[in-house]
Amino acid sequence: MNMEKSSESAGGNAPVLRVQGLQFGFPGHPLFARWEADFPAGLSLVLGGDGAGKTSLLRLLAGAVNPQAGRLVLHGVDAVERSDDYRAQVFWRDPRAPWPDMLTPQGWVDTIVPNQVTWSFEDWDAHVTGFGLLPHLHKPMHQLSSGSQRKVLLAAALASGAALTLIDEPVAALDKPSITYLLQAFRQEAMAPRVSRPARALVLAHYELLEELPWRNVVML
């Protein structure tokens with residue numbers, strides 16, 4: 001596995017997330033060997049094709065699975081030594097994971113908000129409007145199209161304010177107006193001041209470069 005990284009100076013500030021000596025893989029399929037990367041505040045892209053390990057990396061960064069070796073440190077919190085404190089700073093949901101049959105978008109948000117200490121209801125309402133989700137908030141998720149399900153997840157990710165926000169295949173299944181809105185929301189988030197909250201890293205995984213966005217870091221798998 002090769003890695004190329006280009007990142008702007010963070011002005012002397014420590015990265016939001018530091019990955020050191022990461023080791024992980026499956027039998028007969030090693031993915032990461034002594035892998036290292038720093039993720040600064042702002043937008044970072046994990047770039048790679050099918051099978052390159054993008055989703056596996058996001059799951060590792062989320063603390064959803066433990067590395068076989070190495071460290072992940074998010075705002076000074078080690079993912080293994082202080083797993084609960086680490087995950088409290090993370091927003092992640094695999095977009096391919098099934099939704100409970102009768103769960104609605106609003107019902108899902110009601111369950112996750114207590115665990116999202118930086119959640120913004122103002123941002124949630126704005127993204128619900130921007131993605132055109134208002135008519136769908138009280139429908140069971142299984143009745144929504146895959147694109148609408150993705151928009152619910154994206155709106156929540158943006159509204160979470162989580163110090164580490166992880167998004168897999170951000171534009172998958174979206175229509176053109178929704179892609180336009182999403183890219184604008186990412187640009188605004190990248191430029192937004194974080195006066196009263198910890199610095200925020202948004203890490204997106206995709207198979208091609210979204211050139212419209214102001215990337216702080218691009219990691220190639």
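The values are calculated or read from the model by the stated rules, or taken from the named source; none is laboratory data. Note that the coordinates shown come from a computational prediction; the quantities given were computed from them, not determined experimentally. Cβ atoms come from the backbone with ideal geometry, glycine included; neighbour counts cover every protein chain shown. These accessible areas exclude ligands, DNA and RNA; they are computed on the full protein's heavy atoms, side chains included. Shrake-Rupley method; radii C 1.70, N 1.55, O 1.52, S 1.80 Å.
Side notes on the structure shown:
- Flag for ALA162 being in a loop (DSSP other than H, G, I, E, B), over 27 Å from ALA79 (Cα atoms) and either out of contact with any Ser or Thr (no Cβ under 6 Å at 6 or more places or on another chain) or open to solvent by less than 10 Å² (accessible area, probe 1.4 Å) (or both): no
- Looking only at residues in the stretch 129-139 that are open to solvent by less than 40 Å² (accessible area, probe 1.4 Å) and free of Cβ contacts under 8 Å to residues at least 40 places away in the same chain, the one that is farthest from the chain's Cα centre (by Cα) is LEU137.
- Selected residue (criterion: least open to solvent (accessible area, probe 1.4 Å)) from residues of the stretch 170-199 that are within 28 Å of GLY76 (Cα to Cα) and among the charged types (D, E, K, R): GLU189
- Those residues of the stretch 173-221 which are closer than 21 Å to ALA88 by Cα and of a type in the set (Lys, Arg), in sequence order: ARG194, ARG197, ARG200
- Condition met for GLY76 (touching a strand residue (DSSP E or B) at 6+ places or on another chain (Cβ under 7 Å) and farther than 28 Å from ARG187 by Cβ): no
- Condition check for ALA157: open to solvent by 30 Å² or more (accessible area, probe 1.4 Å), among the small types (Gly, Ala, Ser) and out of contact with any helix residue (DSSP H, G or I) (no Cβ under 6 Å at 6 or more places or on another chain): no
- Top-ranked residue of the stretch 97-116 - restricted to ones that are part of a loop (DSSP other than H, G, I, E, B) and without any contact (Cβ under 8 Å) to a residue 24 or more places away in the chain, ranked as farthest from LEU57 (Cα to Cα): PRO98
- Looking only at residues of the stretch 90-104 that are farther than 19 Å from THR165 by Cα and not β-branched (Val, Ile, Thr), we find that the one that is surrounded by the most Cβ atoms within 10 Å (Cβ to Cβ) is TRP99.
- Restricting attention to the stretch 1-40, the residues that are closer than 19 Å to ALA162 by Cα, at pLDDT 95 or above and open to solvent by less than 90 Å² (accessible area, probe 1.4 Å) total 7.
- Breaking point among (1) at positive phi; (2) out of contact with any Phe, Trp or Tyr (no Cβ under 6 Å at 6 or more places or on another chain), for LYS54: (1)
- Residue list for the stretch 182-221, restricted to those being part of a loop (DSSP other than H, G, I, E, B) and touching a His at 6+ places or on another chain (Cβ under 9 Å): PRO198, ALA199
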